[in-house]
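Trainee: First, the structure itself, so that you have it in front of you.
The values are calculated or read from the model by the stated rules, or taken from the named source; none is laboratory data. All values reported here derive from a predicted model rather than from experimental measurement. Neighbour counts are summed over all protein chains in view; Cβ atoms, including those assigned to glycine, are modelled from backbone coordinates with ideal geometry. Side chains are part of the model used for accessible areas, which takes the heavy atoms of the whole protein and leaves out ligands, DNA and RNA. Shrake-Rupley method; radii C 1.70, N 1.55, O 1.52, S 1.80 Å.
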Amino acid sequence: MTRTRTTRLRRPLLTGTTAVAAMAVTAGLVAATAEPAKAATGPKLSLIAATDSLTLTSWKEDPGVYLDLGTYLTAEGRPLELKVTRKSYKDPVTIAQTVYEGGRATAKTLPKGTVKDFSGLPGFAEVTVTDKAGKKVLSRTEDFCPNNASGRVRPDAPATSKYPESCPTNPFTLGSVWGVEKGWAANTYAGSYTEPAALAPGTYTAKVSVAKKYRDLFGIANKPATVKVTVVERSYEDDQGAARSSASRSATAGGHAGHGAAQQAPAAHAGHGPGHAPTPAEAAAPATSGAGPSYNVGHGPLKAAPPALPWALKKEQAARSMPVGDKGGQTDGSRRAPALQPLAKRPAGKPSVPDVPKPDLRSLPAYGIVVTDGEEDIPGKDYLAFSANVWNAGPAQLVVDGFRSPGKDKMDAYQYFYDAKGKQVGYTPTGTMEWDPRPGHVHWHFTDFASYRLLKADKKEAVRSGKEAFCLANTDAIDYTVKNANWHPYNTDLATACGEENSISVREVLDVGSGDTYSQDLPGQSFDITDVPNGTYYIQVLANPEKRLKETSLDNNSALRKIVLGGKPDARTVTVPAHDLVNAN
């Protein structure tokens, strides 16, 4: 795949999560599901609709209707649990269902070709739309991620779902777990993986059904859900005018001055009614990171967005030209993850590295590879930008605390070790942490966590990236099938763990099964190739380059990605061959 010059790096379109919207199904469905399901070897799955009628919006400035019809797949008796894996990048993705036989959980391998990647079940939902006269105006299939936005449909269902909150889209994912918890329902809408429908204002009937191969595979009854749809057309300008008018009236009336203005497109609720309209559309940023949908504005893809978010919010977010960097602990416009707390004081006593489980850091091949002028569009300069990920295959977390001596510019870093019960049983000094003030960072970096090198065809170094310090965050679910994988990591964005400039201490954690991606639009994620001749090269991503961190193994820390540079000065190109079966640039 050949990429010509990209003169300005932009962020991938931003998406977010919500489980709240799905909770609305609970009230309307409790009556229909009040009887407890009988025990069975597999789950009883049903397709339901949260409502029999709804209104969808088509914007004049950006026509098209997002068909989030409020249809859900419910699981009763037992959860629907699927494990999706590949042995290596030379092997296809396979899927197995967890079933129960004689009270024991076993894996039932599903037919070859059931899945093609880790984003969901392809062609799961079949959608047809007819107009008022009964004429079919749309027919399509949509993929289904069982980890979509979801909610309980029974008051006695588990309070929380044990399954991850999304399906990963990192091209080098190795293993994923999908599931619909028993007594829960997951939205069937494909969201960010589908296109809006061209429907004129009017009334329609939408029918959603499960494709026959999945009905046969999972024992789902052939009972389509029908929803009456009203499409209305609105304008960004009209809605913003209404918001300003509302604010003005409130200010004039007194008592609630400014209330209308405060309702004008807040980040987490944009587009839900008058005064909540998206901002006028600007040119959409090209999704050049190679990672698909991303929550994490400042760092790289966290994990794939559950494709069941409020689409007015997505439209408003996608319309913006996203600036580089994080904002005060909130990087996706709506979510604030809990901060991770370091110990109250730096460790004392003699350092020790006990014989307990340790993390296993592994590098993924580079992706999202483009040629650019850099962040400042410098004439005559050529940079090779890329995204890179280092993940933790476990079986233990990587836990690093930084402690600052008063008046010092750097923190002293320590790695901690824990026994099987989670008790800290040792520690060792492991370098330093430093404050990075550059846009897109603005947080504390742990030094020498990874390094990047551009190698010649003979694997000898040609260029080394200056970036070797990182803030650790669980941005991507790389393999949730490994031992001790945490399906719900805490620090999933930068600002939750990486501290402020005046911090006295920080804790950075890379959890088991998760990886930390730095996307190609961040400072330092590039090589200066201005004077590098055309030809074949390898991008090397090297974890723990100084071997300061204690790991299960040091033999799997390097990953190479082959590239071919071409073109002329100030107009360079890069060709990125497939990496075994992974054909992602």
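Trainee: Ordered by residue, what ³J(HN,Hα) values in Hz, to whole numbers, does the range 574-581 give under the Karplus form 6.51 cos²θ - 1.76 cosθ + 1.60, where θ = phi - 60° and Gly and Pro are x?
Mentor: My calculation for the range 574-581 gives 9, 9, 10, x, 4, 9, 6, 8 Hz in order.
Trainee: Tell me, in nm to one decimal, what length is gained between Arg140 and Leu581 on full extension, where the rule is 0.36 nm per residue of separation less the Cα-Cα distance?
Mentor: Contour length minus the Cα-Cα distance gives 156.0 nm.
Trainee: Assign unit charges at the C-beta atoms only (+1 for Lys and Arg, -1 for Asp and Glu), then state the dipole size of the range 537-585 relative to its Cα centre in Debye, rounded to the nearest 20.
Mentor: 140 debye
Trainee: Of Lys182/Lys207; Lys116/Lys562; Lys108/Lys562, which sit over 31 Å apart, Cα to Cα? Walk me through the numbers on the way to the answer.
Mentor: Numbers: Lys182/Lys207 25 Å; Lys116/Lys562 24 Å; Lys108/Lys562 37 Å.
Exceeds cut-off: Lys108/Lys562.
Trainee: Using a 1.4 Å probe on the protein heavy atoms, what percent of the accessible area of the range 70-201 belongs to carbon and sulfur?
Mentor: Values: 2670 of 5420 Å².
It is 49 percent, rounded to a whole number.
Trainee: For the range 389-452, run through the trypsin sites (Lys or Arg not before Pro) and keep only the ones in DSSP coil with at most 13 other Cβ atoms within 10 Å of their Cβ. Mind showing how you got there, number by number?
Mentor: Working: sites: Arg404, Lys408, Lys410, Lys421, Lys423; in loops: Lys408, Lys421, Lys423.
Taking the range 389-452 and a limit of 13 other Cβ atoms within 10 Å, the loop trypsin sites (Lys or Arg not before Pro) found are Lys408, Lys421, Lys423.
Trainee: What ³J(HN,Hα) values, in whole Hz, does the Karplus curve 6.51 cos²θ - 1.76 cosθ + 1.60 give for the range 72-82 when θ = phi - 60°, with x put for Gly and Pro?
Mentor: Values per residue, Gly and Pro as x: 9, 9, 9, 10, 10, x, 9, x, 7, 10, 10 Hz.
Trainee: Out of residues 5 or more away from Tyr418 or on other chains, whose amide H comes under 5 Å of its own, with H placed 1.01 Å from N in the peptide plane?
Mentor: Placed amide hydrogens put Val425 under 5 Å from Tyr418.
Trainee: Thr130 to Asp52: FRET efficiency via 1/(1 + (r/R0)^6), r the Cβ-Cβ distance, R0 22 Å, to the nearest 0.05?
Mentor: Once rounded, the FRET efficiency stands at 0.90.
Trainee: A follow-up question, please. Kirkwood Rh, the range 506-585, all Cα pairs: how many Å? All intermediate terms of the calculation are to be shown ahead of the outcome.
Mentor: Working: mean 1/r = 0.0641 Å⁻¹.
Taking the inverse mean of 1/r over all distinct Cα pairs, the range 506-585 comes out at 15.6 Å.
Trainee: Would you rank His579, His488, His445 by solvent-accessible area, highest first, keeping every protein chain in place and using a 1.4 Å probe? Before the final figure, lay out each step's value.
Mentor: Values: His579 45, His488 70, His445 5 Å².
Greatest to least solvent exposure: His488, His579, His445.
Trainee: Starting from the Cα gyration tensor of the range 546-585, take the square roots of the eigenvalues, sort them a ≥ b ≥ c, and report rounded, prolate or oblate (rounded when a/c is under 1.5, otherwise prolate if a/b is larger than b/c, else oblate).
Mentor: Numbers: a/c = 5.26, a/b = 2.04, b/c = 2.58.
Because a/c hits 1.5 or more and a/b fails to exceed b/c, the range 546-585 counts as oblate.
Trainee: About its Cα centre, how strong a charge dipole does the range 97-242 have in debye, to the nearest 20, once Lys and Arg get +1 and Asp and Glu get -1 at the Cβ? List each step's numbers first, then the result.
Mentor: Working: 19 positive and 15 negative charges, 166 e Å.
It comes to approximately 800 debye.
Trainee: Once fully extended, how much extra length lies between Asn484 and Val353, figured as 0.36 nm per residue of separation less the alpha-carbon to alpha-carbon distance?
Mentor: Values: separation 131, 0.36 × 131 = 47.16 nm, distance 2.04 nm.
In short, 45.1 nm is gained.
Trainee: Also: To the nearest 10 square angstrom, what accessible area does Val532 show with a 1.4 Å probe?
Mentor: 20 Å²
Trainee: Using the alpha-carbon centroid of each, what span in Å lies between the range 189-230 and the range 57-128?
Mentor: Value for the Cα centre distance between the two parts: 15 Å.
Trainee: Something else: Under the rule of at least 5 residues apart or a separate chain, name every residue whose amide H is placed under 5 Å from the amide H of Leu199.
Mentor: Under 5 Å from the amide H of Leu199 lie the amide H atoms of Gly64, Val65, each far enough along the sequence or on another chain.
Trainee: Which of the residue pairs Lys87/Lys423; Lys350/Lys550; Lys456/Lys568; Lys547/Lys568; Lys60/Lys136 have a Cα-Cα distance greater than 27 Å in the structure shown?
Mentor: Values: Lys87/Lys423 33 Å; Lys350/Lys550 17 Å; Lys456/Lys568 19 Å; Lys547/Lys568 39 Å; Lys60/Lys136 23 Å.
Distance filter (> 27 Å) returns Lys87/Lys423; Lys547/Lys568.
Trainee: Dipole size in debye (nearest 20) for the range 340-432 around its Cα centre, Lys and Arg Cβ +1, Asp and Glu Cβ -1? Don't skip to the answer; put the middle values down first.
Mentor: Numbers: 11 positive and 11 negative charges, 163 e Å.
The dipole of the range 340-432 has a size of about 780 debye.
Trainee: Just subtract the alpha-carbon distance of Lys547 and Ser405 from 0.36 nm times their residue separation and send over the number in nm, one decimal.
Mentor: Details: separation 142, 0.36 × 142 = 51.12 nm, distance 2.47 nm.
Result for the pair: 48.6 nm of gain on full extension.
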